[in-house]
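Starting off with a structure, shown below.
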Amino acid sequence: MNYIPGRIEAAGPALGERVRLGSHAHKILFCRALLDTHDPYTPALIDWPVLEDDVRAKIVSLPIWDMAVQTEGRTGLFVQTFADFVRDPELKTALEMDAFEEKRHKIVLADMVQHYGIVLEPEPPYIKPKDAEWAFMRSGFSECIDSFFGFGLFKIAKDTGFFPPELIDTFEPVMREEGRHILFFVNWVAWWRRNMPWWRRPYFELKVWAVWCFLIWERLDMAKGMGENTKAQENNFTLNGSKELGVEIEFPELAAICLAENDRRLAPYDARLIRPKFVPGAIRLVLRLMRKKTPATA
């Protein structure tokens, strides 16, 4: 899967120069941050490591592969649909790169499950969304949730040896890309919020809350189905993943790992770019409430 990324000719803000959110310099900064850090690896050239039988069996048993492949397939379509909708040349160039990388994630996962003999359910048809902006926001905010927990679970899988080092190294580029994607997305939200016509802002804010309500309801619905069917367990992996990795971790410890990994993975990028705040902030609030409740309960 070869791809020659587009380029943005406009010069970005100088190092150390203050960048106002919503400015042209801000747009160039977050678009170039995505384009300039692109990793041109080719999925077909990945040398999948040979796994011991017990390791392969554990990986095959994880209830995530159908969900992962389908999520990347849907996300690639959603981002590409928004890229086709956008007219701004710099933003369009970056979105096309984002869509390409999402589609490449699906190819990487599909190649992996085929190599290790993981049987997937037939993929559903991927339907082009009617509202391109809603689809992009749904994908972006969903990635903010899933990447936050995914970073922590990937760290646990690495530290416990559940994933062998060779497989960790193979998937590391994908994890880096997820961090770049959510960084690009939250900066697009901040930029677009400040540049849209004033009369459209109330509708946009309602749309943001509607997306969050949709995603939270979706995950609560998944949680209610836990234990009743395999599909619910698969979809709720981000909430129950440490047990699937064979590690009993209490929520505060898991949350601390996710927060630390989220900060670590986003730290290398320009400090003038804003970071995702909603999910880390919500987790920190939950931790504070738990610490206040514990002494009273005791």
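Which one of Ala110, Ala157, Ala135 is outside any loop (DSSP other than H, G, I, E, B) and at pLDDT 95 or above?
Numbers: Ala110 fails: at pLDDT 95 or above; Ala157 fails: at pLDDT 95 or above.
Residue meeting the stated conditions: Ala135.
May I pose another question? For Arg176, all conditions in the list (1) of a type outside the set (Asp, Glu); (2) assigned to a helix (DSSP H, G or I); (3) modelled with pLDDT under 95 hold save one; what is the number of the exception?
(3)
Between residues in the stretch 268-286 that are assigned to a helix (DSSP H, G or I) and residues that are aromatic (Phe, Trp, Tyr), which pairs lie under 6 Å by C-beta distance while being six or more apart or on different chains?
Val279/Phe148
Table: residues versus (1) in contact with a Ser or Thr (Cβ under 8 Å, 6 or more places away or on another chain); (2) not basic (Lys, Arg).
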site	(1), (2)
Asp88	no, yes
Thr93	no, yes
Ala99	no, yes
Glu102	yes, yes
Leu109	no, yes
Gly117	no, yes
Lys130	no, no
Glu133	no, yes
Phe136	yes, yes
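Restricting attention to the stretch 93-135, report how many residues are open to solvent by 40 Å² or more (accessible area, probe 1.4 Å) and more than 23 Å from Tyr203 (Cα to Cα). Before the answer, list the steps.
If we filter the stretch 93-135 for residues that are open to solvent by 40 Å² or more (accessible area, probe 1.4 Å), which is where we start, we get 96, 103, 106-107, 111, 114-115, 117, 119-128, 130-131, 134.
In the following step, the residues that additionally are more than 23 Å from Tyr203 (Cα to Cα) were identified as 96, 103, 106-107, 111, 114-115, 117, 119-127.
Qualifying residue count, the stretch 93-135: 17.
Which of the residues belonging to the stretch 17-72 are charged (D, E, K, R), part of a helix (DSSP H, G or I) and either open to solvent by 40 Å² or more (accessible area, probe 1.4 Å) or at positive phi (or both)?
We begin by selecting, within the stretch 17-72, every residue charged (D, E, K, R); these are 17-18, 20, 27, 32, 36, 39, 47, 52-54, 56, 58, 66, 72.
Applying the additional criterion that residues be part of a helix (DSSP H, G or I) yields 27, 32, 36, 53-54, 56, 58, 66, 72.
Matches in the stretch 17-72: Arg32, Asp36, Asp53, Asp54, Arg56, Lys58.
Exactly one condition in (1) closer than 19 Å to Arg176 by Cβ; (2) modelled with pLDDT under 95; (3) hydroxyl-bearing (Ser, Thr, Tyr) is not met by Ser61; state its number.
Answer for Ser61: the failing condition is (1).
Results for (1) small (Gly, Ala, Ser); (2) closer than 22 Å to Leu259 by Cα; (3) touching a residue at least 12 places away in the same chain (Cβ under 8 Å), shown as yes or no for each residue.
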{"position": "Val113", "(1), (2), (3)": "no, no, yes"}
{"position": "Trp134", "(1), (2), (3)": "no, no, yes"}
{"position": "Ser142", "(1), (2), (3)": "yes, yes, yes"}
{"position": "Gly161", "(1), (2), (3)": "yes, yes, no"}
{"position": "Glu166", "(1), (2), (3)": "no, no, yes"}
{"position": "Val174", "(1), (2), (3)": "no, yes, yes"}
{"position": "Glu178", "(1), (2), (3)": "no, yes, yes"}
{"position": "Leu183", "(1), (2), (3)": "no, yes, yes"}
{"position": "Arg194", "(1), (2), (3)": "no, no, yes"}
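Could you check the stretch 248-267 and list, in sequence order, the residues that are assigned to a helix (DSSP H, G or I) and open to solvent by 90 Å² or more (accessible area, probe 1.4 Å)? Steps first, please.
Keep residues of the stretch 248-267 that are assigned to a helix (DSSP H, G or I), which gives 251-266.
Residues satisfying the conditions are Glu253, Arg264.
The values are calculated or read from the model by the stated rules, or taken from the named source; none is laboratory data. For clarity, every value in this text was computed on a predicted model and none was experimentally measured. Neighbour counts run over all protein chains shown; Cβ positions are idealised from the backbone, glycine included. For accessibility, only protein heavy atoms count, side chains too; no ligands or nucleic acids. Shrake-Rupley method; radii C 1.70, N 1.55, O 1.52, S 1.80 Å.
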